[in-house]
Structures are given as structure tokens and as C-alpha cells.
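**Q** Just dropping this structure here.
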Amino acid sequence: MEERGISQAVIGRLPRYYRYLGDLKNEGVERISSQELSRIMNVTASQIRQDFNNFGGFGQQGYGYNTSYLYEEIGKILGLDQQHDMILIGAGNLGQALVNYMNLKNRGFSFKGAFDISPSLYGKKIANVPIYPMDQMTGFIVENHIDIAVLTVPKAAAIEITQILTETPIKAIWNFAHVDLKVPDRIQVESVHLQDSLMKLSYNIRRHENES
Ligand code: NAD
């Protein structure tokens, strides 16, 4: 499958398609037209066709898309057909909430261990995931073939820990600290900032009020 040159905007829309198709599949819907998908998802049918054309189409003229096939194919593009083992770094409020969010497991993501600087947490578990001291992190990543490090530590600690992570075989960092991380090209970083989303919401409230 040719994937070079696909915009991040298209990639960014795939998880939403995946979610809707998963729901349709669970509801027993076997086929769906781009018009029908467009109506449910509130995006234009031409946007859907354009997005899917990046991956060679998937559809059959006049016949619609096979829901299960499309779901599986988008899952493969997103790499969700592979198991991704993860570690948590920073077992505080946010970190514990993430590990407890067990749904992640269903999509091939699984926390294998958690690490923290606070000795009071050692030996404890979050949803069966043990918490270890930081000096065991590098060895754990290597021995357990960990792909993804989830960073839920304060900003300064995140920079320091990222430096250590760049010397391990980790493939990606899911970053929740409010800092832009510098990593070599072989490491993928996805940062999540809930406040950015809230600020966008705040902007839209203001814009709506100004318009009305
Ligand atoms: P918290 O204080 O409850 O947890 C932080 C944990 O990190 C603690 O357990 C602490 O012991 C540990 N820690 C501190 N320094 C460390 C180090 N050098 N090595 C290993 N562990 C270390 O805080 P929280 O509410 O869970 O928030 C964690 C981070 O996530 C903060 O930086 C916060 O700003 C950020 N945050 C981001 C978002 C977002 O949307 N991205 C949302 C909430 C919080």
C-alpha cells in the first residue's frame, strides 16, 4: 500500500473513521455508502472519498464500503493490528488515570510497568501494573521490548527523562508534559495537551458570542 506523502490532516482523521466503523460493525452494519457515512459523521462524502483514495479507495462503486474490511484496513494503517507494549513514567494522578483506562488494552496497547521517582510508590500497583524505581527503567525497556513510553511527569523531569529514553530502543513517546521534546528521528512523539483543546473551546465560545 502506497502511503508516502499522505498529509497529517488525513492521518489525523483516520482514528475517527476507525471509531465510527467499529461502532457500525458492532451494530451489525455490513455495508455503508460514502453518503451514509458522511451523514453519520457530519463530513462531506467527497472528503471521505478523497481521504480513502489516499489508500487506494477501499470502496466498490454503487456498492458502498464493506464495514468490517474498511475497519480492519484502517486499523492496519494505524498500526493497530500490532501489539504495543508501553511503560508509564510518572505514576501520579494523570498517570494512574491513564493506566486505569483499561480500554487501551483492547486496541493492542498494554502497560507493562510504571516508573516513578517517589519511593513511597515502589511495590504498589495500578490496575495490576507494578511501579518500579527509575533506575530500573532502561533495563526494563530492553528486556520487555517496550515500544512506547508514556510521560506524565512535570516539565523539567520530562526533558531529563527524554534524554535517558533516547539512549534506549524505545520507538515512541506519548507526552503529556507541557514541553516540546527533542528526540532523534527514529523516535516518534505525540503530545497531548488537554488545555489546548479547552482553549479552542473557549475561542469558539467567544467567536459564537461575537457573531450573535
Ligand atoms: P502528579 O504530581 O500527581 O504526578 C506526577 C508524578 O511524577 C508523581 O508521582 C511524581 O513522583 C513523579 N515524578 C516527578 N518527578 C519525576 C522524575 N524526575 N522521575 C520520575 N517520576 C517523577 O501530577 P499529575 O497531575 O499526574 O500531572 C503530571 C504531569 O502531567 C504534570 O506535568 C502536569 O502538568 C501534566 N498534565 C498534563 C495534562 C495534559 O493534558 N497534557 C493534563 C494534566 C496534567
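**Q** Do we find a residue being within 16 Å of the ligand (Cβ to nearest atom), in the same structural domain as VAL183 (by TED's automatic domain parsing) and in a strand (DSSP E or B) anywhere in segment 115-124?
**A** yes
**Q** Being open to solvent by less than 30 Å² (accessible area, probe 1.4 Å), on the phi > 0 side of the Ramachandran plot and within 16 Å of the ligand (Cβ to nearest atom), is that true of even one residue in segment 67-89?
**A** No.
**Q** From the list ILE159, ILE131, exactly one residue is open to solvent by less than 30 Å² (accessible area, probe 1.4 Å) and either modelled with pLDDT of 95 or more or small (Gly, Ala, Ser) (or both). Which is it?
**A** Values: ILE159 fails: open to solvent by less than 30 Å² (accessible area, probe 1.4 Å).
Selected residue: ILE131, the only one of ILE159, ILE131 that is open to solvent by less than 30 Å² (accessible area, probe 1.4 Å) and either modelled with pLDDT of 95 or more or small (Gly, Ala, Ser) (or both).
**Q** Quick check on segment 134-156: of everything there that is assigned to a helix (DSSP H, G or I) and buried (at least 19 other Cβ atoms within 10 Å of the Cβ), which residue is nearest to the ligand (Cβ to nearest atom)? Full working, then the answer.
**A** Within segment 134-156, the first condition is being assigned to a helix (DSSP H, G or I), and the residues that meet it are 134-143, 155-156.
Narrowing the set further to residues that are buried (at least 19 other Cβ atoms within 10 Å of the Cβ) leaves 137, 141.
Values: MET137: 9, ILE141: 14 Å.
Among residues in segment 134-156 that are assigned to a helix (DSSP H, G or I) and buried (at least 19 other Cβ atoms within 10 Å of the Cβ), the one nearest to the ligand (Cβ to nearest atom) is MET137.
**Q** So, one more: Here are some conditions: (1) in contact with a strand residue (DSSP E or B) (Cβ under 7 Å, 6 or more places away or on another chain); (2) among the β-branched types (Val, Ile, Thr); (3) part of a helix (DSSP H, G or I). ILE164 meets all but one. Which one does it not meet?
**A** Exception for ILE164: condition (1).
**Q** Has segment 102-113 got at least one residue that is within 16 Å of the ligand (Cβ to nearest atom) and of a type in the set (S, T, N, Q)?
**A** no
The values are calculated or read from the model by the stated rules, or taken from the named source; none is laboratory data. Here the structure is a predicted model, which means the values were calculated and not measured. Heads up, the Cβs are rebuilt from the backbone with ideal geometry, glycines too, and the neighbour counts pull from every protein chain shown. SASA here: full protein model, heavy atoms, side chains in, ligands and nucleic acids out. Shrake-Rupley method; radii C 1.70, N 1.55, O 1.52, S 1.80 Å.
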